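The values are calculated or read from the model by the stated rules, or taken from the named source; none is laboratory data. Keep in mind the model is a prediction, meaning the values are calculated, not measured. Positions of Cβ are backbone-derived with ideal geometry, glycine not excepted, and every protein chain shown enters the neighbour counts. These area figures cover heavy atoms from the full protein model, side chains too; ligands, DNA and RNA do not enter into them. Shrake-Rupley method; radii C 1.70, N 1.55, O 1.52, S 1.80 Å.
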Amino acid sequence: MAYAYCYHGQTLLASDKCGEAIRSLQESEKFFAKAEALCKEYGETKGPGTTAKPSGHLFFRKLGSLIKNTLEKCQRENGFIYFQKVPAEAPQLELKANYGLVEPVPFEFPALNAHWTPETVAAFDLTKRPKEDTAKPKTDEEVKPLKEPDIKPQKDSGCQIS
């Protein structure tokens, strides 16, 4: 939610709605503080996952500075350019994308084929499979040694070191 409100605030600032952008970024700061508290609590717990410190990860640290810098920029620009009031309520997030190349199509499972009857599905029971006779150990064949050619280093290779 912190990321969503942060980027929504940047979008509002780009569309010259600085007051709403400030409120969105303040909401982002609030969610970031909650997430930071949960991350620190998680990092201090005892157990097998103690090596993970979510509050120290780059994406988390980067978000904090992004929120702070964008909020300062919005407040600075609202103070000498826009002069817009900051609303009491946070702006609603646009959950449905209205941009992109194609319209998203909701996924639907295809209809079942007539061949897939309950008897057919029951025939796939792996516990009723026949015993494999190929599980017998194979006899090891003896590997015949190969005669390797006797290679001696040659001194007359034609190379000279000056």
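Data for the structure
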quantity	calculated
Potential lengthening between Phe80 and Glu41 on full extension [0.36 nm per residue; Cα-Cα distance subtracted]	10.0 nm
GluC sites (Glu not before Pro) within region 1-96: DSSP coil, no more than 15 neighbouring Cβ in 10 Å	Glu89, Glu94
Solvent-accessible area per residue, Å², over the chain with all protein chains present [probe radius 1.4 Å]	91 Å²
Estimated distance in nm for a label pair at Thr51 and Tyr7, the labels positioned 7 Å out from Cα along Cα-to-Cβ	3.1 nm
Percent of alpha-carbon pairs separated by more than 25 Å within the chain	68 percent
Sequence-separation-based contact order of the chain, relative, with Cα cut under 8 Å and 6+ spacing, percent	23 percent
Where chymotrypsin sites (Phe, Trp or Tyr not before Pro) in DSSP loops with at most 16 other Cβ within 10 Å are excluded, longest remaining stretch of the chain	1-82
Within region 23-101, trypsin sites (Lys or Arg not before Pro) in DSSP loop having at most 12 other beta-carbon neighbours inside 10 Å	Lys46, Lys85, Lys96
